[in-house]
1. Which percent of the accessible area of the chain is formed by carbon and sulfur heavy atoms (probe 1.4 angstrom)?
2. Let me check something: with ligands and nucleic acids excluded, how do Phe113, Phe77, Phe38 order by accessible area (1.4 Å probe), largest to smallest?
3. Keeping to pairs on different chains or 8 or more places apart, tell me how many lysine pairs in the chain have Cα atoms under 22 Å apart.
4. Rounded to whole Å, give me the distance from the Cα center of the range 69-102 to that of the range 109-178.
5. Can you give me the accessible area per residue for the range 63-178, using a 1.4 Å probe, in Å²?
6. Viscosity 1.002 mPa s, temperature 20 °C: what is the translational diffusion coefficient of the chain from Stokes-Einstein with a Kirkwood Rh over Cα pairs, rounded to a whole number of µm²/s?
7. Once you list every other residue whose beta carbon is under 14 Å from the beta carbon of Leu59, what net charge do they have if Lys and Arg are +1 and Asp and Glu are -1?
8. Given a 1.4 Å probe and the protein chains all in place, what does the accessible area of Tyr101 round to, in Å² to the nearest 10?
Amino acid sequence: MKGNVSPEVKLALLNSLAQPGHISHSTGKPFRGFKAEFVSRMQLTEASVLSKAEEPDKLEGRTVFEVIVDEGALDMFNEVGTMHGGCLAMLIEICSSMPIYILGASTGACGTFGVQQSLNIVFHSPAVLSDKLRIVCTTLTLGSRARSGRCEVWNVTRHRLVASAVYINMVPSESSKL
């Protein structure tokens, strides 16, 4: 994996993705869900903390994931044979907290994943079976409670943008039921 973050931060990031399913609150039984299946196909290729191009005195977190839309993901397709927008939203939601975590953990700020408060997505072009997708996420701001960033899903196979998103992520309060 490329990137300049410490091996400890990279390991924590990978461990967060490799977590097994959790126990369902309603049934008390193990629950894996389709998120775990999709995450198992993703590969983290970069985790970096870089100077912002527009403001070199500021830092930004950057993560890059790759995934191939394979036959194991057929349940994530819509009726016209393209990856469903809801599945792309899930992919973006999973990846978008990662640069926030690495920036916070690498700078001594808040090294937590948090929860999504807002996710705004624009869909540009479809992804189909066998396409290789690259998900590039970067931070915009990193505050003590609210953090924001952007995410782009690129189709490596067809050389086009699939989706772009901006998001706000927050750290829940200690007394929160989240």
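The values are calculated or read from the model by the stated rules, or taken from the named source; none is laboratory data. Since we're looking at a predicted model, the values are computed, not measured. All Cβ positions, even for glycine, are placed from backbone atoms using ideal geometry, and neighbour counts span all protein chains on display. The accessibility values were calculated without ligands, DNA or RNA, using every heavy atom of the protein model including side chains. Shrake-Rupley method; radii C 1.70, N 1.55, O 1.52, S 1.80 Å.
1. Details: 5330 of 9670 Å².
So the carbon and sulfur contribution to the accessible surface is 55 percent.
2. Phe113, Phe77, Phe38
3. Value for the chain: 10.
4. Distance between centres, Cα-based: 11 Å.
5. Result: 46 Å² per residue.
6. So the translational diffusion coefficient is about 126 µm²/s.
7. Numbers: positive: Lys52, Lys58, Arg62, Arg147; negative: Glu54, Glu55, Asp57, Glu60.
Cβ neighbours under 14 Å give a net charge of 0.
8. Its heavy atoms expose roughly 30 Å² to the probe.
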